[in-house]
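Student: Below is one structure. I have some questions about it.
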Amino acid sequence: MKRAGFTIGMISAFCILFTATGYGGRYAIVVKKSTLEDSVWAAAVDTLKVRHDGEVFTYIANVWAVLDKLSEYVPDYICFVTEPLDATATFVGQVHQLTRMLDDDPYGDAIWGIVTGYTAEDALRIVSGPSGFTVRTVLSGTSAGWLPYVVQGMATSEATYHKRWFKYPDGTIIEDTTGPTDRTEMLVNCLNSDTFDIMITSGHANHDEWQLHYPTTGLEGYFRSSAGQVYGDPHDGPDININSHNPKVYFGLGNCFIGEIRNMNSMPLAWIHTGGAYQYCGYVIEEGPNSYQLGGMPHYFFIQQGYYTWSESFYLDNQALLFDLENQTPGTCPDDTNGAAIYGDPALDVRVEPVREPLYEQEVVVIPGTDRDTITFRITMNEKGSPGFTGKWGGRHPIAFLPFRVEDIDIVHTNAYNTMITDNLALMYIWKQGDPPLEEGEQREVVFTAKRYLAPPWGFTVRDVGDGTAFYLVWQKGTAPQIIGYKVYYGTISQIYTDTIDVGVDTSYTLDGLTEGTTYYLAVTAYTAQQEGHFSHEEACIPQTTPRAPTGLTVTDPGVGNTLVLDWNANTELDIAGYKIYYGRFPPFIFTDTIDVGDTVHYTVTELKNDSTYRFAISAYDSDDNESGLSQAAFGTPTRSVGLEEQITMNAYFLSQNCPNPFGYKTIIEYSLPKKVKVSLRIYNLAGQCIRILVDEIQEQGLKRATWNGNDGFEKRVPSGIYFYRLDAGEFTGTKKLTLLR
């Protein structure tokens, strides 16, 4: 009865049946650039990339920066790999919104999850572990509603002492009233036995605790979390650590804030670290009487008996929520949009082991056409029931993943009240509160025609050959199996392509016969026997013999003294032979030194003067010794990481970095003097002009402090920008950079 993945079989010469299960396709990994600087986090990303043949998208500070590239990639899964304190409630809300904005409709465009952990090793462990597991045994801290849909398990009452239910593999469910008054130790021992595949809770909670009894604390204890450890805190007696190792799902169905990572003591981190949670789901907001977002997950996961994975169930319940908001479905008033998080690999294949027929069978039938396919989404009731929104924690609308993405949708027929067809989903609104249940054998369907969506080729890049007449074009092979070729479009006006070349099945092409110095605009499409797909993003490039100036120059002080580290972006021209570094001290920032570093984009400059500011720029040269202009300049000041108090103890001069930096109102500059000396502390602009004298006097030995309010010598506000401050004290000279932001 396992329903893992699309089942494909020929029904006739023209009809293909897809049982409406499973999903697959492009996998995106979104990660902050700074996170990749840690080798273990980087290993987690690499593991996901290899496991799912994924594509990595990076951002510096704001996750919205990846929106355009994700939209072009058209992912089916998005995994957000985040360090723990980056996975805030705000971040979760942004992920909800971002994943709905990859196309024009208001619904979610990809199944997503957040991979994090108390440590980077946690994240690596869960992405390196099993590709999936089966849910057979449930442990519930709230009600017994799940037991009919699993092989075995135990459920307990959060409101009635001693009450619990047992489900046995033979299908028997027994109610028992001999349980302990305080369930804390019993539940901890169950988890530590490593036999339960899912833990379900409800009731009062916070980001770092779950109150077992409801509505009051009563005579029961808590589950709490601290520093990566989840543990039981009984009403009486010592704490009991939870150290469970078998992969499991944690489901905070009705708990406020239990999905929020507020600090390093929060529940999601502890459950991942010591509780064995490979997928964790809970609210990052207050859960209330109108909550919807998690309440329908059991319908898709349990009641539909293996049709959907845990991540797919989370995704589908969110689409049902969005539909009911727009449809104003009777009985619904969701107030928890964007309010829940799911942690773990979104492609992890976690399904319940079927023990009975689902409420309804569902199928997608495709009749291929010359230009358009005819698609039918149909359900057939296996028993009398209500396939729609039945309540906060109840049924939801039938939804099916389509076997391929579609566009230009035209509904031909339906016996549903309403339908929602997107590029990847079909939803039917067929039952509402007040309707009688549907009888066994009743069917509902929607029939529509659509074109198959042929995604633009991904990774389109254009590189100048460097001879003034040619470009080298490259892109990635499309995922659609019916692609038989690609076309290159180009012209000298953006979005107006006057020339087209059919390059066949190749995913690279050398375009020659171009005019040197002319800007060309290029795009590429894929095509099948039936249709041509969407344009890739547009690339602009100029064929020229002289290399372009390098970009992205950064200068970093490693704090070891007399040393600065330079990084820049590699040029895209094919004939680049190397780079040169130009640099000079402040003032006057004239380039006095040059280093030919060869074919590298990372270089460490040594033998510099500590506490002096240097200006750097980079040029590129090709195999014919043609040299580019200079890059945009970048500045750096080599220092040795020794504190002020140590500098004073060492009887040495020292100039600190201003604080705060950047600043808007005022900033403080500290420095130390080993002896009585004449001191000059001045502020300079980028042109090397002195705009303010902060200190000009003889000072005694010791730690000194000066304040700059962002005004010039006439007490007029200077504009936002980069400035330098220079300390001259006896034989010592030091310069540092500061940033003013109004």
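The values are calculated or read from the model by the stated rules, or taken from the named source; none is laboratory data. A quick note: this is a predicted structure, and the numbers were derived from the prediction, not measured. Note that we place each Cβ from the backbone using ideal geometry, even for glycine, and neighbour counts take in every protein chain shown.
Student: What number of residues within the range 25-74 are touching a Gly at 6+ places or on another chain (Cβ under 9 Å) and at positive phi?
Tutor: Residues in the range 25-74 being touching a Gly at 6+ places or on another chain (Cβ under 9 Å) and at positive phi: 1 in total.
Student: Still on this structure, I have one more. Anything in the range 260-313 that is under 30 Å from E361 (Cβ atoms) and free of Cβ contacts under 8 Å to residues at least 40 places away in the same chain? List them, or say none.
Tutor: S313
Student: Out of all the residues in the range 161-198, which are of a type outside the set (A, V, I, L, M), closer than 23 Å to G132 by Cβ and in a strand (DSSP E or B)?
Tutor: Residue satisfying the conditions is K167 alone.
Student: Hey, among G688, G713, G629, which residue is exposed (fewer than 15 other Cβ atoms within 10 Å of the Cβ), in contact with a Pro (Cβ under 6 Å, 6 or more places away or on another chain) and either in the same structural domain as G561 (by TED's automatic domain parsing) or part of a loop (DSSP other than H, G, I, E, B) (or both)?
Tutor: Just a single option satisfies the conditions, and that option is G688.
Student: Filter the range 347-390 down to residues that are closer than 22 Å to R444 by Cα and either without any contact (Cβ under 8 Å) to a residue 24 or more places away in the chain or not small (G, A, S) (or both), then give me how many there are.
Tutor: Result for the range 347-390: 28.
Student: Is it true that G561 is in contact with a Lys or Arg (Cβ under 6 Å, 6 or more places away or on another chain) and closer than 27 Å to T639 by Cβ?
Tutor: Yes: the conditions hold for G561.
Student: Pairs please, first residue from the range 551-573 and closer than 14 Å to N610 by Cα, second anywhere and buried (at least 16 other Cβ atoms within 10 Å of the Cβ) and small (G, A, S), Cβ atoms under 8 Å, 6+ apart in sequence or on different chains.
Tutor: T556/G636; D557/G636; L564/G636
Student: Which ones in the range 552-571 are crowded, with 16+ Cβ neighbours inside 10 Å, in a loop (DSSP other than H, G, I, E, B) and touching a Phe, Trp or Tyr at 6+ places or on another chain (Cβ under 9 Å)?
Tutor: Answer for the range 552-571, where residues must be crowded, with 16+ Cβ neighbours inside 10 Å, in a loop (DSSP other than H, G, I, E, B) and touching a Phe, Trp or Tyr at 6+ places or on another chain (Cβ under 9 Å): L553, W568, N571.
Student: Which residue out of T613, T606, T600 is surrounded by fewer than 16 Cβ atoms within 10 Å (Cβ to Cβ), polar (S, T, N, Q) and more than 20 Å from G552 (Cβ to Cβ)?
Tutor: Answer to the selection: T606.
Student: Another question about this same structure. Would you call S225 surrounded by fewer than 24 Cβ atoms within 10 Å (Cβ to Cβ), at pLDDT 95 or above and out of contact with any Lys or Arg (no Cβ under 6 Å at 6 or more places or on another chain)?
Tutor: Answer is no for this residue.
Student: Right, something else. So, in the range 116-146, exactly how many residues are of a type outside the set (D, E, K, R) and either closer than 16 Å to T309 by Cα or in contact with a Phe, Trp or Tyr (Cβ under 7 Å, 6 or more places away or on another chain) (or both)?
Tutor: Number satisfying all stated conditions: 17.
Student: Looking at this structure, is V605 closer than 17 Å to D575 by Cα, at pLDDT 90 or above, among the hydrophobic types (A, V, I, L, M, F, W, C) and not assigned by TED's automatic domain parsing to the domain that holds T735?
Tutor: no
Student: Sticking with this one: State which residue pairs qualify: first residue farther than 24 Å from P84 by Cβ and modelled with pLDDT of 95 or more and inside the range 189-215, second residue basic (K, R) and in a loop (DSSP other than H, G, I, E, B) in any location, beta carbons under 9 Å apart, and separation of 6 or more residues or different chains.
Tutor: D197/R136; L212/R183; H213/R183
Student: Here's another thing I want to ask about it. If you check G533 against the conditions, is it surrounded by 15 or more Cβ atoms within 10 Å (Cβ to Cβ), over 30 Å from A633 (Cβ atoms), at pLDDT below 95 and touching a strand residue (DSSP E or B) at 6+ places or on another chain (Cβ under 8 Å)?
Tutor: In short, yes.
Student: If you don't mind, another one. Across the range 372-406, which residue is surrounded by the fewest Cβ atoms within 10 Å (Cβ to Cβ) among those that are within 20 Å of L102 (Cβ to Cβ) and of a type in the set (F, W, Y)?
Tutor: F404
Student: Which count do you get for residues in the range 716-742 that are under 14 Å from K666 (Cα atoms), part of a strand (DSSP E or B) and of a type in the set (V, I, T)?
Tutor: Total satisfying the criteria: 1.
Student: Give the residues of the range 228-267 that are touching a Lys or Arg at 6+ places or on another chain (Cβ under 9 Å), modelled with pLDDT of 95 or more and crowded, with 24+ Cβ neighbours inside 10 Å, sorted by residue number.
Tutor: V230, G232, M267
Student: Follow-up. I'd like to know if the range 303-317 contains one or more residues that are in contact with a Leu (Cβ under 9 Å, 6 or more places away or on another chain), surrounded by fewer than 24 Cβ atoms within 10 Å (Cβ to Cβ) and outside any helix (DSSP H, G or I).
Tutor: Yes: one or more hits.
Student: A further question follows. Among the numbered criteria (1) aromatic (F, W, Y); (2) surrounded by fewer than 19 Cβ atoms within 10 Å (Cβ to Cβ); (3) touching a Gly at 6+ places or on another chain (Cβ under 6 Å), which single criterion is violated by W431?
Tutor: (2)
Yes or no, residue by residue, for (1) among the small types (G, A, S); (2) in contact with a Phe, Trp or Tyr (Cβ under 6 Å, 6 or more places away or on another chain); (3) assigned by TED's automatic domain parsing to the domain that holds G203:
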{"position": "N263", "(1), (2), (3)": "no, no, yes"}
{"position": "I272", "(1), (2), (3)": "no, no, yes"}
{"position": "Q279", "(1), (2), (3)": "no, yes, yes"}
{"position": "Y292", "(1), (2), (3)": "no, no, yes"}
{"position": "S311", "(1), (2), (3)": "yes, no, yes"}
{"position": "N318", "(1), (2), (3)": "no, no, yes"}
{"position": "T332", "(1), (2), (3)": "no, yes, yes"}
{"position": "D335", "(1), (2), (3)": "no, no, yes"}
{"position": "D345", "(1), (2), (3)": "no, no, yes"}
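Student: Now for a different question. Within the range 57-83, track down each residue that is part of a helix (DSSP H, G or I) and within 23 Å of D336 (Cα to Cα).
Tutor: Correct list: V63, W64.
Student: Any residue in the range 454-465 that is at positive phi, of a type outside the set (V, I, T) and at pLDDT below 95?
Tutor: Checked against the condition, which is being at positive phi, of a type outside the set (V, I, T) and at pLDDT below 95, the range 454-465 yields at least one hit.
Student: Only one residue in P148, P106, P169 is touching a residue at least 60 places away in the same chain (Cβ under 8 Å) and not assigned by TED's automatic domain parsing to the domain that holds D46. Which one?
Tutor: Residue meeting the stated conditions: P148.
Student: Might you check whether a residue that is among the small types (G, A, S), surrounded by 22 or more Cβ atoms within 10 Å (Cβ to Cβ), within 25 Å of P106 (Cβ to Cβ) and not assigned by TED's automatic domain parsing to the domain that holds D105 occurs anywhere in the range 407-423?
Tutor: no
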